[in-house]
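The structure under discussion appears below in the form of C-alpha cells.
The values are calculated or read from the model by the stated rules, or taken from the named source; none is laboratory data. The structure presented is a predicted model; accordingly, all values stated were derived computationally and were not measured. Counting neighbours? That spans all protein chains shown, and the Cβs are built from the backbone with ideal geometry, glycine included.
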Amino acid sequence: MSTQTLRRILTRLDDLTYADLKKLKHEVDDLISQNQVGEVIAEREDSLTECPHCCSNDFTRWGFTKQGIQRFKCKACLQTFNALKGTPLYRMRMSQKWLRYNELMWHGATLRKCALELGINLRTSFRWRHAFLKAPSNIEVQPLSGVIEADETFINESFKGRRILHRDARKRGGRKAPKTPILIALNREGSVIHEVVDRNTKENICQFLQPRIADGSVLCTDGNKSYIEVANTRKVDHKRIVGLDNIRVVEDIYHIQTLNNYMMHWKEWMTRFRGVGREYLPHYLSWFRYMKQHEQSDQGLLFAAMTNT
C-alpha cells in the first residue's frame, strides 16, 4: 500500500462511530497478532538506543521503507537507517515469507524445496538460508568445562556450487574421494564447538582445543596421540579410550559415546543435502547445533538473525 493510500484511509477515521472504531481495532489487533515477523521487527524498533552509523542516541523517526518498516534519521550524522540495519536481514525483501522459510529450515528442507514452496528463486533461497545461518555461526561458545569429549570426523570433500574445480574430475570406479576433516568437542552440559580444517594434524587439533577448554576439566578422547599434547599444555585430566583395547567406558563415566552419537546424527541429517561445499560446512554445523540446543520455534532463527549485528 502506498503512503498516499494510507493517508486517505486515515483521514476517513473521523467519520467512523465509536462502535465502528472498536470493530476496526479488533480487526487490526488480530492482524497484528498474526504478523509475527512484524511483531519481531517492532520489538527491535522499540529497543533501538543508538545510530548504527555513529552510535549517537539522538535520532528521530523518518517515514517508512517500501516494506513498511520504520525509518529513522540521526541528528548527529544525518544518516537514515531502519531497525534491520547491521543485521543479516537488512535489505531482504518479501518479509511475509520469512516465517514460513524459517519453519522449512527447522525441518531441514532443501534449497529447492524452500524455493518451490515459497515461489522464490533458487538463488534467493540460497541467500536467505545463509543470512539466517549467520547468527548461529557467530555464536561465541565459552571455553568448555567439566567432562569434555573430543574427536574428529570426516566427510567427502565437495565443491558443490563452484563453477571451476581446482582438481581433475573423478571417474566412477576411480580413487576414493578426498575427505574433509572436522574437529568437534562437547561437554555434558550440551555446549558444542567445531572447526573445519584442511588436515587432521596435531598442530590443528592443538590450535582448536587448547584455548577452548577450561583448566580442571576432564578430556575424553580416542587413542589419537595428538590429544596428549593438548592435555599436557592445559591443567586437565586426560582419559584415553583406545578402541583396540575393547574399552568403551573408563571408570564407569568417561567415554566419547555422546560425541559419537552427535556426529552420527549430524551426518544422517546432512544426507538430505547431497553434499555441501567445504566453505559452507561451518554454517551447517552451526545450524544443527542450534536446533539441538533450542526448542522448535518458527521464530527462532528469525529472531536470532534480527539480534545478530
Looking at G68, is it out of contact with any helix residue (DSSP H, G or I) (no Cβ under 6 Å at 6 or more places or on another chain) and either surrounded by 15 or more Cβ atoms within 10 Å (Cβ to Cβ) or closer than 20 Å to L302 by Cα (or both)?
yes
Counting only residues that are surrounded by 12 or more Cβ atoms within 10 Å (Cβ to Cβ) and out of contact with any Ser or Thr (no Cβ under 7 Å at 6 or more places or on another chain), how many does region 48-62 have?
7
Could you list, ordered by first residue, the pairs with Cβ atoms under 8 Å in which the first is in region 53-80 and within 20 Å of E39 (Cα to Cα) and the second is assigned to a loop (DSSP other than H, G, I, E, B) and among the basic types (K, R), at least 6 apart or interchain?
Q67/R93
Which of the residues belonging to region 108-129 are under 20 Å from P88 (Cα atoms) and exposed (fewer than 13 other Cβ atoms within 10 Å of the Cβ)?
N121, L122, R123
Which condition breaks for R199 when tested against (1) modelled with pLDDT under 90; (2) assigned to a loop (DSSP other than H, G, I, E, B)?
(1)
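Just for helices (runs of 4 or more DSSP H) wholly inside region 223-309: which have at least 1 residues that are at pLDDT 90 or above, on the phi < 0 side of the Ramachandran plot and out of contact with any Ser or Thr (no Cβ under 7 Å at 6 or more places or on another chain)?
226-233, 257-270, 281-293
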Restricting to region 70-93, what's the tally of residues that are among the β-branched types (V, I, T) and closer than 19 Å to A131 by Cα?
1
Within the bounds of region 274-293, is there any residue that is surrounded by 14 or more Cβ atoms within 10 Å (Cβ to Cβ), out of contact with any Lys or Arg (no Cβ under 6 Å at 6 or more places or on another chain) and more than 30 Å from P88 (Cβ to Cβ)?
no
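Take residues that are farther than 30 Å from W266 by Cα and modelled with pLDDT under 85 and tell me which of the helices (runs of 4 or more DSSP H) falling wholly in region 1-108 contain 1 or more.
Fully inside region 1-108 and qualifying: 3-11, 18-34, 36-47.
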